[in-house]
Amino acid sequence: MRTDTGQVFRIEDYRPSDYLIPKTELDFRLGQDSTRVVARLIIERRAGVDKPVQLELDGDGLILRRLEIDGEALDAAGFEATPDRLVIHNPPVTGRFTLLIETELDPSRNEALMGLYRSSKVYCTQCEAEGFRRITYFLDRPDILSVYTVRIEAERAEAPLLLSNGNPIESGDLADGWHYAVWHDPFPKPSYLFALVAGDLGCIKDRFVTASGKPVELGIYVERGKENQAGYAMDALRRSMKWDEEVFGREYDLDVFNIVAVSDFNMGAMENKGLNIFNDKYVLAAEETATDADFANIEAIIAHEYFHNWTGNRITCRDWFQLCLKEGLTVFRDHEFSADQRSRPVKRIAEVRTLRSHQFPEDQGPLAHPVRPRRYREINNFYTATVYEKGSEVVRMIRTVLGAEMFRRGMDLYFERHDGEAATIEDFLRVFEDVSGKDLSQFALWYHQAGTPNLSVTTAHDPVNATFTIEIEQSVPPTPSESRKRLMHIPLAFGLVGADGKDMAFDSVEGASVEDGVIHVRKRKHVVTFSGVAERPVLSLNRGFSAPITLAVEQRAEDQMFLASHDSDPFSRWQAFNTLLTDATVAAYRNVLGGRQPEFSDELAKLAGRIANDGTLEHAFRALALALPGEADVAREIGKNIDPDAIFAGREALARKIAETNSDVFAQLYEDLRMSGGFSPDAASAGRRSLRNTLLDYLAILPGGAARAAAHFAAATNMTDRAAALTVLAHRHAGSPETSAALAQFDSRYHGDPLVMDKWFTIQATAPGAATLEAVKALTKHPAFSIANPNRVRSLVGGFASANQTGFNRADGAGYDFFAETVLTVEKRNPQLAARLATALRSWRSLEPERQAKARAALLSIQAAEGLSADLRDIVERTLA
Ligand code: B3K
Ligand code: ZN
């Protein structure tokens, strides 16, 4: 593990390298404890670098065994090698030369899961961001594009399968039961996209013919015996390939496309050229073991990694500050794909919920950073919701500002102009300026300025002059190291909703540019006046969540009720109801804190019943509408001095009110939604299950709730229903005989399937209340748990810390203490995973003072640990700053 060097990387320090590596040949001789890697690098000085200059290559924990230039060993005075760096003092001055580097690795002892490691007897690699330097010394930066040829040798019995990037060109037998394969990737690529997989895996194969008639062999490799769980991923891959041709005009370019599922992986998946490596959680799916959410995630992540082939691989990033260039854009593409495959409004609501629950706390807390950061200490800590999700929202806004057609023209120009290059955000914005003639300089602040802009809005209707006036004021709150903010360009989709629920027409508008139903806010204050508006409209603002902002509209509750029932924009309809629920929960919280009984309007509770029963709405939409805002969402709305127990109590009171008001309606609907026939993971069936399971959650509050949930559990024929029932039991009826029985039954049925046991861990870890901590501690001793496996750690410890407000934030601070200890244990093996976990404490300053002090003490105890990794120190120190 590398300890922190304290080095800060700054965007303004970027400069091109002095040397280039046009060709890279790698020979691997794979051994579990000793793997030899011979790298033959063709190196040349960059044109324009005219002075002799030393060659400095990156390494990380490497052992050098051999070093030659053009076939001659270097003498000791000619170079300096440490585990983390190789310097060649006087490289040849003219033309190209070949540098041969032999290193020795120990894949079995690589628990950081970066570089080359073994997972369940499979050799695999992870190189993004800086893992390639754990394999060989290299110019390990994304602007060094090289053509790779990779030869892999292994014992055939141990690793019959040998994969790398590109196309297979040769394979054969060697002496003593060994064999080899050679792969060549004709597309120059950065080192972070290098990949190798070797082992004994099962496989499903398929074939895709591209729009221009090129056949592509598709392979998905999984643990033997699990081949029958890979079909959905294959189907999603084929649909992704087709969609990218139809919607973005992008075809696949190699002869093969392979996906490998491994069980130890630091994140979701990795887009290595022609050889995507996946966390098996995002490949394996069957109705018996995967929920509808799992199916949807698999579809989205398969698409995401595939789409990277153009947005990330063919056009990559000049440096890591540009990470959003590939990630934000590719998330946007996968969102659009899922919207087209499923329900667009439902997908949009789900995206916004994720953005608010993951990105808003980041933007509003100590870890806030711009979509394109200007500095970092550890790049792995910048694979954030801001770079990914907000990055995607910024691309979506470009489309809103330009219109769909112009946006597509800009994308076409981007592919044409930058194919084969390592590009920047400036390059990306320029193509849209060039095709549209629009000036995007103010808009560019979305990339450069951190923080969630806020708009406060008031409205006035003048019936005499038939005008409707909207006053909009923008502000961007300060974020760490950016105290003064500039004004942003905020595209606000809107509608003036008339009494009949239809959008009203208006004659003219003054005060801001309004185009195609979008108000463009650019100044601090806009007074926008619509004329020709005789009746008072209800304002529907930020439709489709056209801008990632917070919005405070002075609006009467009856206007929100009206929008929740009549807005023609489904997102805004959902939003209006969600705002009502949030406001009601906040009011209940204040009552609980003041020692009063929470009170709710009957109207609101009845509206929940009407939405549940509204046959004109999709099932999935109704389920999303009925899902109460999460405790963390409510906490964000309140802002400071948070008492998580009081939020929980207020939220529970609202759930009870809705359940009691609608008990008959919900019970009837719950019966009506019962499904028969075979299972299908399609969006409509999933939506139906989702609504029924949401209703179960409400009904479980009422008398007989535990028995009903137990019956649901017993009758379940798929994992969605089974996991939903188990959640209701464990969260609403903890300690009941029904719950204990269901938990035990689930354990005995699935103890051999680690991915399913992850659900069992998370369900228990997220059960509200102070008692959960002891349960979590006990579960760390369960035979299915392993502190070395990222999925297990995230399910149990991550679930507890990031999704259990009352358990984690126990008033006595014991939740934080357990957490700090566990983070440090995880860090000894896997610093990246530990750093990611530690972000669960990022909102500690919004807590009430006593919890704040305890959370701070836990953070300080992590900070004080000896030999802290760069990854964890970076997160902890920024969180404390
Ligand atoms: N690009 C990878 C993420 C790599 C994370 C490195 N710490 C997966 C993705 O976004 O597609
Ligand atoms: Zn990505």
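The values are calculated or read from the model by the stated rules, or taken from the named source; none is laboratory data. These numbers were taken from a predicted model, which means no experiment stands behind them. Note: ideal-geometry Cβ built from the backbone for every residue, glycine included; neighbour counts use all protein chains shown. With ligands, DNA and RNA removed, areas are computed over all heavy atoms of the protein, side chains included. Shrake-Rupley method; radii C 1.70, N 1.55, O 1.52, S 1.80 Å.
When the stretch 547-565 is filtered for residues that are crowded, with 18+ Cβ neighbours inside 10 Å and in contact with a Lys or Arg (Cβ under 8 Å, 6 or more places away or on another chain), the ones remaining, listed by number, are Pro548, Leu563, Ala564.
For the condition over 27 Å from the mean Cα position of the chain (by Cα) and modelled with pLDDT of 95 or more, what is the one hit in Ala734, Ala767?
Working: Ala767 fails: over 27 Å from the mean Cα position of the chain (by Cα).
Criteria check complete, one pass: Ala734.
For the stretch 210-244, the set of residues classified as in contact with a Lys or Arg (Cβ under 8 Å, 6 or more places away or on another chain) and in a helix (DSSP H, G or I) consists of Asp244 only.
Conditions tested, residue by residue: (1) in contact with a Gly (Cβ under 9 Å, 6 or more places away or on another chain); (2) within 28 Å of Glu130 (Cα to Cα); (3) open to solvent by 10 Å² or more (accessible area, probe 1.4 Å).
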site	(1), (2), (3)
Gly225	yes, no, yes
Ala236	no, no, no
Met241	no, no, no
Leu254	yes, yes, no
Phe257	yes, yes, no
Met270	no, yes, no
Asn279	yes, yes, no
Ala286	yes, no, yes
Ala290	no, no, no
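Here's the yes/no breakdown for (1) within 13 Å of ligand 1 (Cβ to nearest atom); (2) of a type outside the set (D, E, K, R):
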| position | (1), (2) |
| --- | --- |
| Gly274 | no, yes |
| Ile298 | no, yes |
| His304 | yes, yes |
| Ala339 | no, yes |
| Arg344 | no, no |
| Arg348 | no, no |
| Thr354 | no, yes |
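No other residue among Arg29, Arg15, Arg40, Arg66 is without any contact (Cβ under 8 Å) to a residue 24 or more places away in the chain and basic (Lys, Arg) apart from Arg15. Of the residues in the stretch 151-159, at least one is crowded, with 23+ Cβ neighbours inside 10 Å, in contact with a Leu (Cβ under 6 Å, 6 or more places away or on another chain) and farther than 18 Å from Gly274 by Cβ.
Residue-by-condition table, conditions (1) at pLDDT 95 or above; (2) more than 16 Å from ligand 1 (Cβ to nearest atom); (3) of a type outside the set (D, E, K, R); (4) part of a strand (DSSP E or B):
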position: Glu104; (1), (2), (3), (4): yes, yes, no, yes
position: Leu113; (1), (2), (3), (4): yes, no, yes, no
position: Glu130; (1), (2), (3), (4): yes, no, no, no
position: Thr136; (1), (2), (3), (4): yes, yes, yes, no
position: Asp140; (1), (2), (3), (4): yes, no, no, no
position: Asp143; (1), (2), (3), (4): yes, yes, no, no
position: Glu153; (1), (2), (3), (4): yes, yes, no, yes
position: Glu158; (1), (2), (3), (4): yes, yes, no, no
position: Leu163; (1), (2), (3), (4): yes, yes, yes, yes
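Take the stretch 1-31 and flag every residue that is part of a loop (DSSP other than H, G, I, E, B) and either open to solvent by less than 80 Å² (accessible area, probe 1.4 Å) or under 23 Å from Thr149 (Cβ atoms) (or both). Listed by number, the residues that qualify are Asp4, Gly6, Val8, Tyr14, Pro16, Ser17, Asp18, Leu30, Gly31. Inspect the stretch 383-391 for any residue being buried (at least 24 other Cβ atoms within 10 Å of the Cβ), more than 14 Å from ligand 1 (Cβ to nearest atom), within 12 Å of the chain's Cα centre (by Cα) and not hydrophobic (A, V, I, L, M, F, W, C) and give the result as yes or no. Yes, the conditions are met somewhere in the stretch 383-391. Within the stretch 468-491, is even one residue surrounded by fewer than 17 Cβ atoms within 10 Å (Cβ to Cβ) and closer than 20 Å to Leu563 by Cβ? Looking for residues that are surrounded by fewer than 17 Cβ atoms within 10 Å (Cβ to Cβ) and closer than 20 Å to Leu563 by Cβ, one finds at least one in the stretch 468-491, hence yes. Just one of (1) among the hydrophobic types (A, V, I, L, M, F, W, C); (2) without any contact (Cβ under 8 Å) to a residue 24 or more places away in the chain; (3) in contact with a helix residue (DSSP H, G or I) (Cβ under 6 Å, 6 or more places away or on another chain) fails for Ala76. It is (3).
Could you name every one of the helices (runs of 4 or more DSSP H) located completely within the stretch 379-461 that has at least 1 residues being under 28 Å from Pro16 (Cα atoms) and within 16 Å of ligand 2 (Cβ to nearest atom)? Steps first, please.
Details: elements: 391-402, 404-418, 425-436, 445-448.
Answer list for the stretch 379-461: 391-402, 425-436.
Of all residues assigned to the stretch 216-239, none qualifies as being closer than 29 Å to Asp140 by Cα and within 16 Å of ligand 2 (Cβ to nearest atom). When the stretch 245-278 is filtered for residues that are assigned to a helix (DSSP H, G or I) and touching a strand residue (DSSP E or B) at 6+ places or on another chain (Cβ under 9 Å), only Phe248 remains. Scanning the stretch 638-670 for residues that are assigned to a helix (DSSP H, G or I) and either of a type in the set (Val, Ile, Thr) or touching a strand residue (DSSP E or B) at 6+ places or on another chain (Cβ under 9 Å) (or both) returns Ile638, Pro644, Ile647, Ile658, Thr661, Val665. Report yes if some residue within the stretch 110-125 is within 18 Å of Ser263 (Cα to Cα), more than 16 Å from ligand 2 (Cβ to nearest atom) and of a type in the set (Asp, Glu); otherwise report no. Checking the stretch 110-125: at least one residue is within 18 Å of Ser263 (Cα to Cα), more than 16 Å from ligand 2 (Cβ to nearest atom) and of a type in the set (Asp, Glu).
Going through Arg399, Arg377, Arg409 one at a time, which residue ends up being open to solvent by 50 Å² or more (accessible area, probe 1.4 Å), within 16 Å of ligand 1 (Cβ to nearest atom) and more than 16 Å from the chain's Cα centre (by Cα)? First the steps, then the outcome.
Working: Arg399 fails: within 16 Å of ligand 1 (Cβ to nearest atom); Arg409 fails: within 16 Å of ligand 1 (Cβ to nearest atom).
Residue meeting the stated conditions: Arg377.
Comparison of Arg622, Arg610, Arg536, Arg596 shows that the only residue that is part of a helix (DSSP H, G or I) and either without any contact (Cβ under 8 Å) to a residue 12 or more places away in the chain or surrounded by fewer than 18 Cβ atoms within 10 Å (Cβ to Cβ) (or both) is Arg610. Considering the stretch 301-316, and only residues there that are assigned to a helix (DSSP H, G or I) and within 11 Å of ligand 2 (Cβ to nearest atom), the residue that is nearest to Ala724 (Cα to Cα) turns out to be Ile301.
Scanning the stretch 335-354 for residues being more than 16 Å from ligand 2 (Cβ to nearest atom) and touching a residue at least 60 places away in the same chain (Cβ under 8 Å) gives a total of 11.
Scanning the stretch 492-514 for residues that are open to solvent by 20 Å² or more (accessible area, probe 1.4 Å), assigned to a loop (DSSP other than H, G, I, E, B) and not hydrophobic (A, V, I, L, M, F, W, C) yields a total of 4. Do you know which residues across the stretch 279-296 are within 11 Å of ligand 1 (Cβ to nearest atom) and part of a helix (DSSP H, G or I)? Hit for the stretch 279-296 is Tyr282, nothing else. Restricting attention to the stretch 809-824, does a residue exist that is open to solvent by 10 Å² or more (accessible area, probe 1.4 Å), under 24 Å from the mean Cα position of the chain (by Cα) and among the basic types (Lys, Arg)? No, every residue in the stretch 809-824 fails to be open to solvent by 10 Å² or more (accessible area, probe 1.4 Å), under 24 Å from the mean Cα position of the chain (by Cα) and among the basic types (Lys, Arg).
Within the stretch 521-540, the only residue that satisfies the criterion of being more than 19 Å from Asp507 (Cα to Cα) and touching a Pro at 6+ places or on another chain (Cβ under 9 Å) is Val521.
For the stretch 317-334, the set of residues classified as more than 12 Å from ligand 2 (Cβ to nearest atom) and buried (at least 24 other Cβ atoms within 10 Å of the Cβ) consists of Gln322 only.
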